[in-house]
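Enquirer: If you scroll down you'll find the structure; I have some questions about it.
The values are calculated or read from the model by the stated rules, or taken from the named source; none is laboratory data. Everything numeric here is computed off the predicted structure, so don't read it as measured data. Ideal geometry is used to build each Cβ from the backbone, glycine not excepted, and the neighbour counts take in all protein chains shown. Protein only, heavy atoms only, side chains kept; ligands, DNA and RNA dropped before computing areas. Shrake-Rupley method; radii C 1.70, N 1.55, O 1.52, S 1.80 Å.
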Amino acid sequence: MVESDHTKRYRTRMQRKKEVIDEAIARADREQGLLLILTGNGKGKSSSAFGMLARALGHGMRVGVAQFIKGRSDTGEEAFFSKQDNVIWHVLGEGFTWDTQNLERDTETAQRGWVIVQKMLCDSSINLIVLDEFTYPLKFGWLDIATVLNDLRNRPSMQHVVITGRAAPDALCEMADTVTEMADVKHAFRAGIQAQKGIDL
Ligand code: ATP
Ligand code: MG
């Protein structure tokens with residue numbers, strides 16, 4: 001069968017694309033524990049982090065989660081993941097409700113939480129750590145950013161850390177290997193729809 005010009009052009013284009021991609025793949029030849037930041041005002045930060053948690057567990061890896069949440073709510077991810085083998089799950093944010101309005105108490109709670117995270121950051125048997133909503137303790141000054149960056153920098157070299165939350169500080173993003181900003185194009189909540197189980201919590 002005679003090939004049309006269109007088919008030939010398509011094949012040449014795809015071959016070139018494949019060469020470029022293969023070269024890029026060959027250049028990325030290092031293995032390393034990654035620091036990932038999922039920030040921005042759009043939905044998808046925590047759910048993306050828990051997607052990576054599922055991937056890691058699928059590979060038989062050990063994972064740790066610390067949730068620095070504002071108010072306590074029963075989430076599907078906690079109900080599901082905390083029951084699995086190879087998962088260490090800490091909820092560290094019970095004191096961070098907006099109505100405590102008590103800087104001293106919020107600072108103490110965050111610092112107690114960071115001590116628990118520090119232990120995970122020293123444990124090379126934990127392959128992936130999710131610090132969910134962790135940008136808030138930094139943003140409100142409950143934790144010293146220099147200490148946090150230092151502890152992150154000194155973690156085991158193959159340990160991955162994923163941090164979620166709005167308004168990630170610049171210094172944290174500079175240190176990170178992968179930074180994603182979720183853009184808020186549209187959200188159902190603004191149309192008067194409540195948070196839905198399985199989608200929002
Ligand atoms: P998710 O957990 O769904 O991935 P998220 O971690 O990106 O969301 P958070 O800022 O932690 O977002 O907010 C958590 C809750 O607020 C979720 O129920 C989420 O659907 C909702 N939410 C996220 N972004 C928005 C938004 N732009 N407007 C209103 N509600 C939002
Ligand atoms: Mg979140």
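Enquirer: Could you work out how far apart the two model spin labels at Arg13 and Val91 are, taking each label as a point 7 Å from the Cα in the direction of the beta carbon, and quote it in nm?
Expert: Rounded to a tenth, the inter-label distance reads 5.2 nm.
Enquirer: Okay, next question. Return the loop-located trypsin sites (Lys or Arg not before Pro) in the stretch 15-59 (DSSP other than H, G, I, E, B) with at most 12 other Cβ atoms within 10 Å of their own Cβ; answer none if there are none.
Expert: Arg30
Enquirer: Quick one: if you take sqrt(5λ) for each eigenvalue of the C-alpha gyration tensor of the chain, what semi-axes come out, biggest first, whole angstrom?
Expert: After scaling each eigenvalue by five and taking roots: 37, 22, 17 Å.
Enquirer: To continue, here is another question. Scan the stretch 1-38 for GluC sites (Glu not before Pro) in coil per DSSP, keeping those whose Cβ has at most 12 other Cβ atoms within 10 Å, and list them by number.
Expert: When the GluC sites (Glu not before Pro) of the stretch 1-38 are filtered for loop state and at most 12 Cβ neighbours within 10 Å, Glu3, Glu31 remain.
Enquirer: Highest mean first, what order results for 56-68, 104-116 on Cβ atoms within 10 Å?
Expert: For the peptides 56-68, 104-116, the packing ranking is 56-68, 104-116.
Enquirer: Using label points projected 7 Å from each Cα along Cα→Cβ, tell me how many nm separate Ser124 and Asp151, to one decimal.
Expert: 2.0 nm
Enquirer: Determine which lysines satisfy two conditions relative to Lys18: a Cα distance under 20 Å, and not lying fewer than 8 residues away in the same chain.
Expert: Lys8
Enquirer: How large a share of the accessible area of the chain, in percent, is made up of carbon and sulfur atoms when the probe is 1.4 Å and the other protein chains stay in place?
Expert: The computed percentage sits at 52.
Enquirer: Let me check against my output: what whole-number percent is the relative contact order of the chain, with C-alpha pairs under 8 Å and at least 6 apart?
Expert: About 33 percent, as a whole number.
Enquirer: How high is the FRET efficiency between Gln196 and Cys173 when r is their beta carbon distance and R₀ equals 25 Å, given to the nearest 0.05?
Expert: 0.25
Enquirer: Stretch Phe189-Met158 to full length: gain in nm at 0.36 nm per residue minus the Cα-Cα span?
Expert: The span from Phe189 to Met158 would gain 7.3 nm if fully extended.
Enquirer: Mind giving me the nanometre distance, one decimal, between the label points for Thr180 and Ala79, set 7 Å out from Cα along Cα→Cβ?
Expert: Result for the modelled spin labels: 2.5 nm.
Enquirer: First select every other residue whose beta carbon is under 14 angstrom from the beta carbon of Leu34; then total the charges, Lys and Arg +1, Asp and Glu -1.
Expert: +2
Enquirer: Determine which lysines satisfy two conditions relative to Lys139: a Cα distance under 16 Å, and not lying fewer than 8 residues away in the same chain.
Expert: Cross-link targets: Lys70.
Enquirer: Still on this structure, I have one more. May I ask you to give the solvent-accessible area per residue for the chain, in square angstrom, as obtained with a 1.4 angstrom probe?
Expert: Counting only protein heavy atoms, the per-residue value for the chain is 63 Å².
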